[in-house]
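The values are calculated or read from the model by the stated rules, or taken from the named source; none is laboratory data. Not measured: the values here are computed from a predicted model. Neighbour counts run over all protein chains shown; Cβ positions are idealised from the backbone, glycine included.
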Amino acid sequence: MKRKTKKMLQKKVKIEYVFFIKCENYIKIARSVHPRWMLKDMEYNNPFELTNIKQICGNHHIEREIKRKFSGYRHKGAWYRYEGKLKEFIEEKKDAT
């Protein structure tokens, strides 16, 4: 049992983030261990300016709950209209850090 515990402690803990990337009047809600890398990849494949306006620590459960809560603002895929309660939520979260 001690060997198993030691191995578990040696594993690196990967912190996941739920982040909000703004493009024009839309927000992408996504999750990654490396949000900056994901943003760079998205910028490469997108002709529009992208901005990571907020990121919070969170796993897939948090991401799913946020997406469910704001499903009425869903545009397409992981993209949501940046308006109403979703915009208020993001602005509130921006002020919290």
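What to note about this one:
- Count - residues of region 40-56 that are modelled with pLDDT under 90 and either within 11 Å of C23 (Cα to Cα) or of a type in the set (A, V, I, L, M) (or both): 3
- Residue count for region 51-83, restricted to those that are assigned to a helix (DSSP H, G or I) and surrounded by 12 or more Cβ atoms within 10 Å (Cβ to Cβ): 8.
- Qualifying residue in region 16-35 (condition: farther than 17 Å from K87 by Cβ, touching a Lys or Arg at 6+ places or on another chain (Cβ under 8 Å) and surrounded by 14 or more Cβ atoms within 10 Å (Cβ to Cβ)): yes
- Count of region 1-39 residues, restricted to those that are of a type outside the set (A, V, I, L, M, F, W, C) and at pLDDT 90 or above, is 9.
- Among the residues of region 36-48, just one is closer than 22 Å to H61 by Cα and loosely packed, with under 12 Cβ neighbours inside 10 Å, namely W37.
- Where a residue in region 24-49 is at positive phi and among the acidic types (D, E) and its partner, wherever it lies, is assigned to a loop (DSSP other than H, G, I, E, B) and loosely packed, with under 12 Cβ neighbours inside 10 Å, with Cβ under 8 Å and at least six apart: E24/F48
- Within region 49-66, being of a type in the set (A, V, I, L, M, F, W, C) and under 16 Å from Y80 (Cα atoms) holds for L50, I53, I66.
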